[in-house]
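Report on one structure; see the data block that follows.
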Amino acid sequence: MNKTKRAIFESAIKVFSNSGYTGATMDEVVSRAGVAKGSLYYHFKSKEELFVFIIKEGVNLIHEEVNKATKGMDNPYEIIKESVKVMLKYVYENKDLFKVIISQLWGTEDRNDMLRDEIKTLIDKSTAKFKDGISAGFIENEDPELLSYSLLGVLVSAALYEIINEEEYDHDEVAEKFMKYFEYGINTREIKNE
């Protein structure tokens, strides 16, 4: 992504995060990005097109970060653990993007459907990793798709924590705790009363 498009991308995330989709304006994006209005419209013909770009690019960046961090790893459990760390770090470093995502999940417009499709892509990739973990015997035979939605829930919760509390936290520590809770949950056996 070139310098101008990067400035527009980062500015648009901030504007959508602060003003919501309805309140966001292309003029505010231009002002915040420090680019000419013509440059914005050269890259994006409408607010809708700009919104679609920031969502798709944001999700793509998550995929790239996870793939880079897990490249060459064979152990499905370690891949899941590293993926969790990377995703939580991404949420921590991009809380405005997650604020936009969270705010737009429940609409009925085409952009909301597109957003849910992008989230489903993340779910599908995570599900594949959980399936690998199950096949390799690292994870008990659980529902891999439900595990993926649970992971997404943790990411959304982490984003909400950040947005509401505006406190710093150690995403590695949160990832470790998540994996501890995750392991405990999938290894729990029914205890019979004696």
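Details
- Listed by chain and number, the lysines whose alpha-carbon sits under 23 Å from that of Lys37, ignoring those within fewer than 8 places in the same chain, are Lys3, Lys5, Lys14, Lys45, Lys47, Lys56.
- Residues listed by number, region 22-36, amide nitrogen under 18 Å from Asn2 label point at 7 Å toward C-beta: 30, 33-36
- Full-extension gain in nm, Ser19 to Tyr42, via 0.36 nm per residue minus C-alpha separation: 6.0 nm
- For Leu152, Leu40, order by how many other beta-carbon atoms lie within 10 Å, fewest first: Leu152, Leu40
- Inter-site label distance for Lys68 and Glu93 at 7 Å from Cα along Cβ, in nm: 0.7 nm
- Remark: relative contact order (the chain) = 22 percent; criterion is Cα-Cα distance under 8 angstrom and separation of 6 or more residues.
- A simple rule links phi to the HN-Hα coupling: the Karplus curve 6.51 cos²θ - 1.76 cosθ + 1.60 with θ = phi - 60°, which for region 82-95 gives 5, 4, 4, 4, 5, 5, 5, 5, 5, 4, 4, 7, 10, 4 Hz, with x for Gly and Pro.
- For the chain, built as a Gaussian network whose Cα springs stay under 10 Å, the top-fluctuating residue of Phe44, Phe16, Phe98: Phe44
- Cα-based radius of gyration of the chain once divided by 2.2 N^0.38 Å, which approximates compact folds: 1.16
- Candidates Gly20, Gly34, Gly133, ranked by Gaussian network fluctuation over the chain, Cα under 10 Å, top entry: Gly34
- For the chain, a crude dipole built from +1 on the beta carbon of Lys and Arg and -1 on the beta carbon of Asp and Glu, taken about the Cα centre, is about 720 debye to the nearest 20.
Read-outs throughout are calculated quantities, based only on the coordinates presented, and are distinct from any laboratory measurement. As the structure is a computational prediction, the values presented were derived from the model and not from experiment. Note that each Cβ is placed from the backbone with ideal geometry, even for glycine, and that neighbours are counted across all protein chains shown.
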